[in-house]
Structure formats: C-alpha cells, structure tokens
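*Asks:* Attaching a single structure in structure tokens format; questions to follow.
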Amino acid sequence: MMAPTFFESRNVVKDLAPLKAHRREWKGVHLRDLFRDDPGRAERYSIQAGDWFLDYSKNLVTERTLQLLHDLTRRARLPEAIAAMFKGERINLTENRAVLHVALRAPETADFRMDGVPLTPQVHAVLRRMKAFAEAVRSGEWKGHTGRPIRAVINIGIGGSDLGPAMATEALRAFADRRLTVRFVSNVDATHFVETVRDLNPEETLFIVASKTFTTQETMTNAETARAWALDSLKDPAAVARHFVAVSTNADRVAAFGIDTHNMFEFWDWVGGRYSLCSAIGLPLMIAIGPEHFQDMLNGFHLMDRHFAEAPIESNLPITLALLGVWYGACWDAHTHAVLPYDQYLARLPAYLQQADMESNGKSVDARGRPVRWQTGPILWGEPGTNGQHAFYQLLHQGTKLVPCDFIAFCRPHHPIGDHHAKLLANCFAQTEALAFGKTAEEVRAEGTQGRLVRHRVFPGNRPTNTLLAPELTPSTLGQLIAIYEHKIFTQGIIWNILSFDQWGVELGKKLAGRILPELLDPTADARGHDTSTNQLIRRYREWSKPLH
Ligand code: F6P
C-alpha cells in the first residue's frame, strides 16, 4: 500500500498545536465584541461561490484563527491532495481505488483518466443510455409486460444506493412529473416494501435494483420479494425483463439475479457508494425530474468542483466550512454538527449527509493505521427549520454543549403563498442572531424580569453558525450544495490524515448478522456460542416469535 506523500510523514498533533495554543488565548472573547469592534466583519467573512452565498461571520474566529487554519491546509498539503484526487490517483488506499466522482459530472471533453484510460466517454455513454431509458419511461413508450405504461418506479437500494436519489427526488419534487410515482425501498424490514407497494399495480410498476456490489443483504432480499410480488400477478417470468432494471458495478451478479444485463446501467469501482448520486444511481431521480433537469444538477455539481479545485484557499467555500469544523472539533470539544435546512424539500438532506460525512470520516486510525490522538468526524444530525425550533433548539441555545450549525435557506420559494416564506426566513435569520449574540442578564432585567428567573432567561450566545443562502432551490443549486459538502468532507479527511473513502466499520455487524440469521431461522440450531447477553436475546426471540395459535 503506497501512500501518496500528503498522507506520509504527517504529524497532525504537531500541526494542530498552534491552533490549540491560540484557543488557550481566546478566553472571554464574545461574538458581541467581535461584531461591535469590526463593522466590516460580516462582509469580510462571506464567500460567494456559484449561486451559494456563505456568511461565516458568526463563527468564533478572528483573523489570527483563519490564518492558522489556512496554514494547516499547507501543512496537510491539501492542494496536492486535491490534485491527486482529480488526477485519479488511488487515494482510497485500503481498497486500492481511485476516487473520481468528480468525473461523473464533468463535460465529455474533460480529461479524467484512470490508469491512462479516459473516463468521460464511458460516463457519457451511460448517461446517454440513462437519458433514453428515462425518456421512454416518462413518455409511456416503455411498456410493462401487459402493454401498460409505467406509472410507478420503485428504487430498491440502501445506503449510497438509496439516500442520494431519495433525498434529491424529495428535494426536487417541484421539478418532477407528478403523473409518475417514484418511491424508495431500503430497509430489510418487510414493512418498508409492503407499505411502499400496497397501492400499486404490478402491471404499471418498474423496479430499479440499485446496488454497487449487488450482494447487499437488504437490497437482495427486497429485490427477491419484489420479483415474487410482480410475478404473483404477472405470472410469466419473461415479465421480469419489462419490470426490473439494475444499477450496479457487478454484471455477473446482476445476470445471476435474472436481470438481463441489457437492462443494467453501469458504474465503476472508482465511484464510492455515498458519492454516487451523479452516476447511474441517480436513475430514479432522472426518471422523476427528466434528463434536462438531471443535467442541470450535474452542471451544478461541476461548477462547485471547479470552485473547489481552483479558488484560493482563503475564498474557497468548501474548504472554509471544513476548516471551521476542524477548529471546533480540535479546540472547542464540539462532538456534533447540526445541518438545519429551512426548506421542507430538503427534509432528507441531514440523513443523506450523515452517510456522506460519518461513513467517510468516522475513523479512529490515520492513513497509516496508527490510532489518532485528535478528534475526527463529528456526529452529524439535523431537521428542517422551523420544526427543529420547537424540538431541540432549546439545547442549542442554553445547553451545556457547543453545537456548530449550518443554516441553509433559499430566497425565492416554490410556493409563494401569503407570507409563509418571509416567516420561514425570518425564523432562520433570527436563530443565527440569537445563537450568536444571546441575551444578557441586564437585557433580561431591562425587560422587567427580576430575581432568580433572570438566570433562566439569559441566553449566553457565542454559539457558532454558518448561513448558506441561494436564490432558489433548483437542480443546479442542489448539485452545488451537495458538492460543497462532499469537498468539505474530503478536506477534513486530508487534514485529519484519515482515509475518507473506505468503510471497514460496517463489516463486523454484517458478518455477525450472517452468523445469527440461521440461529433465528432454525430454532433447533445451537445458539449458545455468543456472549451471555446475545445468547439470551436469541433465546427470548425464539420464545416470543412462536405463533400465538
Ligand atoms: O454497509 C455500507 C455500504 O457498504 C455503503 O457504503 C453502501 O452505500 C451501502 O452499503 C450499499 O451498498 P451497495 O450499493 O453495494 O448495495
């Protein structure tokens, strides 16, 4: 395993030391003071990239902090690492793979290569097949086995083969053809499948079986159940060809499942599952919103890829977000990060980013396998505003934990009804103002509160937020936004000297489930070989799962 130089000879503890020293000097500095003393702060600490405007002025940073953070990128050889990713070097060291999701959204003329082989012709060949297929389904030209047009498309996949298209299909619902129903089944819990198809007609339903490996237990189980459900009414096994298509890197497995490989849309091992929305994994989204809108989204991604690769570090939006996260993790003991979209269409964005961020940077050994002695990826979580305000914001404002937050909003709504949108954005801006500046005891008293209650009504403030604002939620602005987070995650991985593109941490549970499964299916099987807790749970399951009559 030959590590590129930016992974080698790093001493992250030493690299973070100047920041930690700076943090020790920070004492008592409040955002109130920083804004009062510097009328140009908001403007200076803002970045425009593509359609996105980032205001990061409400962060616990000074010029010195930013200077130290920028130094850190040089120590981590970030520019070299970015170049290596774009050049197709095998920076996913433990799987010996390149990381080239940026090639998926580049124009055909772009020169991306893997081992000298040009990639964009392959990428665009698949895109053209996807576009033709999506058009055929949308127009009704693609018929089901009994000659009826398709009315419902069900994507069966999990993790990266589900969250991206599911999130984006919801996000871009305003651009979708409402005559088509597009749904997602991921959980191996049969409830998910049953509830998803219960009102559907098999004659008019198309399944997309999406799995990079085509071995994932949940997806294969749901796909088998879907085939049985379809054949139960269509009767003829030849119907599978009209009602099942596959998205995968594994043609042999697709064929073994019984799907004609002519109905397979390919992607490649240099596309990580959680970075695969722009590949054929985006097929259900393309069917929902149409090829042109899908292309607009790809262009949005590409625009932000160019910004990431070309903008100076000081005005680079994803890098700035990444550095702020590093600062809070290393020096402020922040263990979580909240993503708070003020847009109902982005309801699934936090779930999508959970996989992107936590599966990438939830690591505790460095690139050479040595235990890390610094914080790596945060716990990412969130809910759309304003709902979250009535649930967990109490803790954000007055709790004992520092939770850096990203507030995300759009200026023009898709549904300009009354003053809904002004109210939505008023809340969004108000929250960042309240978190930053809080309310002092004097201010509370001035409003007429006296005695002990004063302490309860004080807001300490000084709680950091980013605000990301775009004119409107469109396929392009969504693509740009996702690319911002992808590159933020990449940057943090390089700074922490961890490998962001493998996911060994998901393996053990899968393996143990494989061992437990036969012990649950066959009540006579010996199931005493685990620890006493697991043995006991299996025994209890066997007792309670017996039919009642
Ligand atoms: O279990 C985690 C994981 O491997 C993810 O990384 C991946 O996105 C998901 O499972 C699904 O994998 P596949 O697309 O191969 O079915």
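The values are calculated or read from the model by the stated rules, or taken from the named source; none is laboratory data. All values reported here derive from a predicted model rather than from experimental measurement. Please note: Cβ atoms are built from the backbone with ideal geometry, for glycine as well, and neighbour counts cover all protein chains shown. Remember, those area values only see protein heavy atoms, side chains included, never the ligands or the DNA or RNA. Shrake-Rupley method; radii C 1.70, N 1.55, O 1.52, S 1.80 Å.
*Asks:* Quick one: is LEU72 modelled with pLDDT of 95 or more, surrounded by 13 or more Cβ atoms within 10 Å (Cβ to Cβ) and closer than 30 Å to PRO471 by Cβ?
*Replies:* In short, no.
*Asks:* Please list, ordered by residue number, the helices (runs of 4 or more DSSP H) wholly in the range 1-48 having 2 or more residues that are under 30 Å from GLU80 (Cα atoms) and touching a residue at least 24 places away in the same chain (Cβ under 8 Å).
*Replies:* Qualifying helices (runs of 4 or more DSSP H): 12-24.
*Asks:* Between ARG253, ARG274, which is of a type outside the set (Asp, Glu), crowded, with 22+ Cβ neighbours inside 10 Å, within 15 Å of the ligand (Cβ to nearest atom) and touching a residue at least 40 places away in the same chain (Cβ under 8 Å)?
*Replies:* Just a single option satisfies the conditions, and that option is ARG274.
*Asks:* Follow-up question, since we're still on this one. Taking the range 328-360 on its own, how many of its residues are assigned to a helix (DSSP H, G or I) and more than 12 Å from the chain's Cα centre (by Cα)?
*Replies:* 6
*Asks:* Inside the range 277-305, can you point out the residues that are over 21 Å from PHE501 (Cβ atoms) and open to solvent by 20 Å² or more (accessible area, probe 1.4 Å)?
*Replies:* Answer for the range 277-305, where residues must be over 21 Å from PHE501 (Cβ atoms) and open to solvent by 20 Å² or more (accessible area, probe 1.4 Å): GLU292, HIS293, GLN295, ASP296, ASN299, LEU303.
*Asks:* If a residue has to be touching a Ser or Thr at 6+ places or on another chain (Cβ under 7 Å), open to solvent by less than 40 Å² (accessible area, probe 1.4 Å) and farther than 28 Å from ALA513 by Cβ to count, how many in the range 190-233 make the cut?
*Replies:* The qualifying residues number 1.
*Asks:* Then there's this: Do we have LEU285 as under 14 Å from GLY164 (Cα atoms) and either within 16 Å of the ligand (Cβ to nearest atom) or among the charged types (D, E, K, R) (or both) here?
*Replies:* In short, yes.
*Asks:* Can you name the residue in the range 516-536 that is touching a residue at least 12 places away in the same chain (Cβ under 8 Å) and in a helix (DSSP H, G or I) and is also nearest to GLN217 (Cα to Cα) among such residues?
*Replies:* ILE516
*Asks:* Anything in the range 487-513 that is outside any loop (DSSP other than H, G, I, E, B) and either more than 14 Å from the ligand (Cβ to nearest atom) or crowded, with 24+ Cβ neighbours inside 10 Å (or both)? List them, or say none.
*Replies:* HIS487, LYS488, ILE489, PHE490, THR491, GLN492, GLY493, ILE494, ILE495, TRP496
*Asks:* Given the conditions (1) small (Gly, Ala, Ser); (2) within 14 Å of the chain's Cα centre (by Cα); (3) open to solvent by 10 Å² or more (accessible area, probe 1.4 Å), which single one is not true for GLY325?
*Replies:* Going through (1) small (Gly, Ala, Ser); (2) within 14 Å of the chain's Cα centre (by Cα); (3) open to solvent by 10 Å² or more (accessible area, probe 1.4 Å) one by one, GLY325 breaks only (2).
*Asks:* So THR169 fits all but one of (1) away from the ligand (no atom under 16 Å from the Cβ); (2) free of Cβ contacts under 8 Å to residues at least 60 places away in the same chain; (3) closer than 30 Å to PHE410 by Cα; what number is the exception?
*Replies:* (2)
*Asks:* Moving to a separate point now. Of the numbered conditions (1) closer than 26 Å to LEU481 by Cα; (2) within 16 Å of the ligand (Cβ to nearest atom); (3) in contact with a helix residue (DSSP H, G or I) (Cβ under 8 Å, 6 or more places away or on another chain), ASP162 fails exactly one; give the number of that condition.
*Replies:* (3)
*Asks:* Cβ-Cβ below 6 Å, separation at least six or inter-chain, first residue in the range 338-358 and under 23 Å from PHE429 (Cα atoms) and open to solvent by 10 Å² or more (accessible area, probe 1.4 Å), second aromatic (Phe, Trp, Tyr) and away from the ligand (no atom under 15 Å from the Cβ): which pairs?
*Replies:* Short answer, once both residue conditions are applied: ASP343/PHE410.
*Asks:* Condition check: away from the ligand (no atom under 13 Å from the Cβ) and either under 28 Å from LEU473 (Cβ atoms) or without any contact (Cβ under 8 Å) to a residue 40 or more places away in the chain (or both). Does ALA190 satisfy that?
*Replies:* yes
*Asks:* When you check ASP333 against the structure, is it of a type outside the set (Val, Ile, Thr), open to solvent by 10 Å² or more (accessible area, probe 1.4 Å) and at pLDDT 95 or above, yes or no?
*Replies:* Judged against the criteria, ASP333 is a match.
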